[in-house]
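Throughout, read-outs are computed from the coordinates displayed, never taken from laboratory work. This structure is a prediction, so every number in the text was calculated from the model and none was measured. All Cβ positions, glycine included, derive from the backbone under ideal geometry; neighbour counts span all protein chains shown.
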Amino acid sequence: MPGDETEIKIFAGSSSINFAEKMCKYLGTELGKSQAIKFSEGNTFVKILEKVRDKDVYIVQTIGLNPNDDFMELLFWIDAFKRSSAASVTAIIPYFSYAKGDKKDEPRVSIRARVCADCLEITGVDRIVTMDLHSPQIQGFFKKPVDHLYGFPILCEYIKSKNIENTVVVSPDAGFAKNARKIATILKAPVTIGDKIRTDHNEKAQVLEIIGDVKGKNAIIVDDFTISCGTLIDTARALKENGAEKIYACVTHALLREKGLKALEESDIEELIVTDTVENPMVSGHPKIKVVSVAPLFAEAVKIIHNRESLSRLFDNI
């Protein structure tokens, strides 16, 4: 960067250090110096180790495998930058876990996404950049700008490189069908939909049937995130029962733990394709999982925002 006034200052929260380093490598800049400590009783301490006065700073912190700790740390980072006289603070949140809590769909529950939005704004965030929100409408919870990036065009490029013939794109439920149609357009493939029901909050759903013809076809199941692989595996089983050949799955955010990975290994899914929005050591190197990085896309978005340009060209050229 030509000078201090225009230098992009990217800092990493403890949940996104590798992701932030990839962004910095893409941009040709160094990661900001900072420190995060978690004390034995659970308290989190953060400190900026360089001057940020009058700088536009970008703090990268995914709300992922430890959402409560990750979110609280992000608030502390925003507060630290504001108290250090940063000109602006942009929160780069590759995965925003609490986007799932977008409505009051049963009595006496919290609208968690709205609570998070209020907390971020009260703490002083100036802008938010995130990817594939489970409920995109939560952008309306914020008074500050929210830039919503999409991971599937990048995932689709990887799928294209595999040269899978006679494909069909499968949405596990009607809720993701609109996104599935967009993905199918990129891949030039037909769409089918799973009929899924969920009865409680135990992270298990039941796929009742597949709506559409999949016999003799190679299926690509698409969704925004997976925690246990349960929905993907149930959908894959239903596809096999309906005559599908090879089955792949593709999601943006992978929050898999040991139990989910074991289930994946024993399933009909040939390969699970994910992004690196969540730093998940259990996923890296797994024989059935391919990780595609979206850090360059976030880096490009930061460069556009920093230069006061329009993000629309990013979507045009993706």
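So the values come out like this:
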{"quantity": "Partner lysines for residue 290 [C-alpha distance under 17 Å; skip if fewer than 8 residues away on the same chain]", "calculated": "160, 162, 246, 262"}
{"quantity": "Amide N proximity, the stretch 15-36 versus residue 292 label position 7 Å along Cα-to-Cβ, cut-off under 20 Å", "calculated": "19-20, 22-23, 26"}
{"quantity": "Of 253, 297, 67, farthest towards positive along the dipole that unit charges on Lys, Arg, Asp, Glu beta carbons give the chain", "calculated": "297"}
{"quantity": "Other-chain or far-sequence residues with amide H under 5 Å of residue 221's (modelled H)", "calculated": "170, 248, 249, 250"}
{"quantity": "Cα-Cα separations in the stretch 9-149 greater than 27 Å, expressed as whole percent", "calculated": "18 percent"}
{"quantity": "Per residue, the convex hull volume that the Cα atoms of the stretch 224-268 enclose (Å³)", "calculated": "61 Å³"}
{"quantity": "Zero-based 10 Å bins, Cα pair distances in the stretch 202-277, whole percents", "calculated": "20, 55, 23, 2"}
{"quantity": "Mean Cβ neighbour count within 10 Å, used as a protection proxy, ranking 33-42, 250-259 highest first", "calculated": "250-259, 33-42"}
{"quantity": "Spin-label pair residue 119/residue 47, simplified geometry with 7 Å Cα→Cβ offset, distance in nm", "calculated": "2.4 nm"}
{"quantity": "Dipole magnitude of the chain about its Cα centre (Cβ charges: Lys, Arg +1; Asp, Glu -1), debye to nearest 20", "calculated": "320 debye"}
{"quantity": "Segment residue 265-residue 211, extension gain: residue separation times 0.36 nm, minus the distance between their alpha carbons", "calculated": "16.8 nm"}
{"quantity": "Nearest-0.05 FRET efficiency for residue 282 and residue 84, computed from C-beta distance (R0 35 Å)", "calculated": "0.50"}
{"quantity": "Given charges at Cβ of Lys, Arg, Asp, Glu: the chain dipole, positive-most of 227, 134, 88", "calculated": "88"}
{"quantity": "For the stretch 119-159 versus the stretch 166-182, the gap between their alpha-carbon centres in whole angstrom", "calculated": "21 Å"}
{"quantity": "Modelled FRET efficiency - R0 45 Å, residue 35 with residue 237, Cβ distances, 0.05 increments", "calculated": "0.45"}
{"quantity": "Whole-Å semi-axes of the ellipsoid equivalent to the stretch 152-292 (Cα gyration tensor, √5λ, descending)", "calculated": "20, 18, 14"}
{"quantity": "Kirkwood-based shape ratio for the chain, expressed as Rg/Rh from alpha carbons", "calculated": "0.98"}
{"quantity": "Formal net charge of residues neighbouring residue 39 (Cβ-Cβ distance under 15 Å; K, R +1; D, E -1)", "calculated": "-1"}
